[in-house]
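Structure first, commentary second.
Every read-out reported here was derived from the displayed coordinates using simple, explicitly stated rules and does not represent laboratory data. What you are looking at is a predicted structure, and each value in this text was computed from that prediction instead of being measured. With ideal geometry, Cβ positions are generated from the backbone for all residues, glycine too; neighbour counts draw on all protein chains shown.
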Amino acid sequence: MCGIIGYTGPLEAPKILLEGLSGLEYRGYDSAGVALCMEDSHIHLIKKAGKVKNLKGHCRQQISGSSHSGIGHTRWATHGGVTDANAHPHRAGKVVLIHNGIIENYHELTEKFQLQDRLISQTDSEVAAQVLNELYSGDPLDAICSLIKLLDGSYSFCIMFEDQPGAIFAIRNVSPLVAASTSSGSMIASDLTALIPYTRQYFVVPEQHIVKLTPYKVHVYHLDETFTKDYPEIMTVNWNMDAAMKNGFPHFMLKEIHEQPDAMRNTILPRVNKGLPDFSDDGIPDSIFESCDQVQIIACGTAMYAGMVARAIMQPVLKIPITVSIASEFRYEEPLIDKKALVIIISQSGETIDTLAALRLAHQCGSKTLAVVNVKGSTIARESDYVLYTHAGPEIAVASTKAYSVQLAALYMISCRMALVRGKYTRDQACSFLSDLLDVIPAMETVIAQKDFIRNIASHMIHSTDVFFIGRGLDYAFSLEGALKLKEISYIHSEAYAAGELKHGTIALISDQVPVIAIATQEHVYAKTISNIREVKARGAYIVLLVKENAQVDDSLADIQLRIPNVDDHFTVFPIAAALQLIAYYTSVSKHLDVDQPRNLAKSVTVE
Ligand code: F6R
């Protein structure tokens, strides 16, 4: 969602803010703006609908003179269209602010403070700026604390006051913020990518705390306006700037697809002990796996689809109910969980607001929570009882690729450890499962090496308006992610169906204009899947068939086949995922679309 950056210090602020906004572009946005405190203390606002590049051009024309403090923002529209006026920062009297999140009671506040005639934009954020200006009489902390008491919703704000030159204030309620005090000034941002060119040391702004940035210090206050006794823990970034660069690849997505084998090794190998999965270094006790009578997996989007695969792997072995919930639904369905349930939360960013809310609800129900998270120190990681970090490194493309593979790797390891400690696997079976998991890494490499052939497959999709993915069992679980990947970056309507379900309605949509990507890697349902493929082929569909190397396939069945290495049936998701990601990638590239920042989407979904 929205990106935030703030800087105060000896360096030129415009350069830092604009570079920081470029670093935050990957989050997805539609407008950008900066507010700069100039030498005469006047705050100069420049904000524009469109890309950061566009904003940079305006800044070059409009900025004359020096500025050493300022705030910058990339907006992902929620309230009000994509216009210059709705872009942030917003000014009200002496107050200038930027906002990430949603103020749910902005309408009531507009009425209460009679702001109707003063508002220039249609945003909830400008309402907050106006209210803060009403409350401000020279004491920023006092005014911010009073504002917070009036707001409902989730938010982070960075605020400048025209009579407090060089100071930046920020407040966080749910929406993430990280801050750093460096030898070249103080910085704050919605995520680390904006900070790492300047520092590797940072802290996560605690919720319901105010921070004040001055050129050489970041002060942290409780909402009662006293200095906090426990200064937040200083953390160190565990990846370098290279990881956030394209390094010769045309897009982050392609780079991240290629990084998957390494990400898998980094996630799996540190947790292998004598051939078995071992989470003792992660501080995860076996007791949580032994004592539970059900597993509830909760996540959104790709992470939720990783959960669907995990359920198909876990349930037949563990023989306890494994359910998968969409986080935004789980919150409102009065879930039947208690202290005997193990709740597994999956999130790349660790900040997805619905997933975070579901985690909090699981805690209220008394369940133990285990989070599978990629971003170190993120809110979900900090609030879960236990966390198993995936080691994918930063994922910059909006479409998740390597994060999905390592989420699966972590979930497969959890499944194996659970089966072992619950007596469902012998040590030998667990060792063999883990060895099969490691075998998928070269299998993924083999698929990625076929990218030119896959580009050819993608060329058959580009003129289509609909594409269907079909499969049975695990193959259906993979199809869901394949369809999501294709639709989000190619804008082609794509859906996944359980192959056996087609005849109950969906087959009416099949025609010679509709490519069908059929996945048939599961031996026990192979013959049935092939029959379903014949049914769509008979109705004219162009069939792209994904099968194992050793599958016997009648030449007339498919228009084009992609063969994946012969890994065990339970593990085919890994090479298939790489293939489906590449199909989506090349379809988007061939349509000349913005692969890394698809329209309307944001990397980290911090609004409900
Ligand atoms: C799709 C995608 C999204 C995310 C979802 C959850 O490619 O990336 O569907 O998977 O928004 O995000 P996290 O994993 O950060 O909670």
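Mind checking the angle between helix 301-318 and the chain's longest principal axis? C-alpha axes, 0 to 90 degrees, to the nearest 10.
40
Please compute the contact order of the chain in relative form: average sequence separation of alpha-carbon pairs under 8 Å and at least six residues apart, divided by the residue count, as a percent.
12
Using the Kirkwood formula on the Cα atoms of segment 491-608, what hydrodynamic radius do you get, in angstrom to one decimal?
Mean inverse Cα-Cα distance, inverted, gives 16.0 Å.
Considering segment 142-255, what Rg and Dmax in Å follow from its alpha-carbon atoms?
Answer for segment 142-255, Rg first and Dmax second: 16.0, 50 Å.
Sort 356-363, 292-299, 475-482 for me by packing, meaning the mean count of neighbouring Cβ atoms within 10 Å per residue, highest on top.
475-482, 292-299, 356-363
Over 16 Å apart: what share of the alpha carbon pairs of segment 405-484 falls there, rounded to a whole percent?
Pairs farther apart than 16 Å: 68 percent.
Please determine, in degrees from 0 to 90 and to the nearest 10, the orientation of helix 140-150 with respect to the longest principal axis defined by the Cα atoms of the chain, where the helix direction is its Cα long axis.
Once rounded, one gets 50 degrees.
List the pair-distance distribution P(r) of the chain, using every Cα-Cα distance, as the percent of pairs falling in each 10 Å bin from 0 up to the bin containing the longest distance, rounded to whole percents.
Pair shares across the bins are 3, 17, 25, 24, 17, 10, 3, 0.
Please get the size of the charge dipole for the chain, origin at its Cα centre, with Cβ charges of +1 on Lys and Arg and -1 on Asp and Glu, quoted in debye to the nearest 20.
Rounded to the nearest 20 debye, it is 780 debye.
Does anyone have the angle between helix 573-590 and the longest principal axis of the chain? Alpha-carbon axes, 0 to 90°, nearest 10?
The two axes meet at around 60 degrees.
Which peptide among 95-103, 515-523, 231-239 comes first, and what is the full order, when sorted by highest mean count of other Cβ atoms within 10 Å?
Ranking the peptides 95-103, 515-523, 231-239 by packing returns 95-103, 515-523, 231-239.
Here are some pairs, LYS48/LYS487; LYS47/LYS217; LYS340/LYS548; LYS424/LYS503; LYS53/LYS376; which of them have Cα atoms lying more than 32 Å apart in this structure?
Too far apart for the 32 Å limit: LYS340/LYS548; LYS424/LYS503.
Less than 12 Å Cβ to Cβ from LYS56, Lys/Arg counted +1 and Asp/Glu -1: what total charge do the surrounding residues give?
+3
What ranking do 323-335, 164-176 get when scored by the average of other Cβ atoms within 10 Å per residue, highest first?
Details: 323-335: 17.1, 164-176: 22.3.
Taking the mean over residues of other Cβ atoms within 10 Å, the ranking is 164-176, 323-335.
If each residue's Cβ is checked for other Cβ atoms within 10 Å, how do ASP224, ASP439, ASP124, ASP338 rank with the fewest at the top?
With the fewest neighbours first, ASP224, ASP439, ASP124, ASP338 line up as ASP224, ASP338, ASP439, ASP124.
Would you please classify the overall shape of segment 223-288 from the alpha carbon gyration tensor, given that a ≥ b ≥ c denote the square roots of the eigenvalues, rounded means a/c under 1.5, and beyond that prolate means a/b larger than b/c while oblate covers the rest?
oblate
Farthest toward the dipole's positive end in the chain, which of SER325, SER121, THR521, given Cβ charges of +1 (Lys, Arg) and -1 (Asp, Glu) about the Cα centre?
Farthest towards the positive end: THR521.
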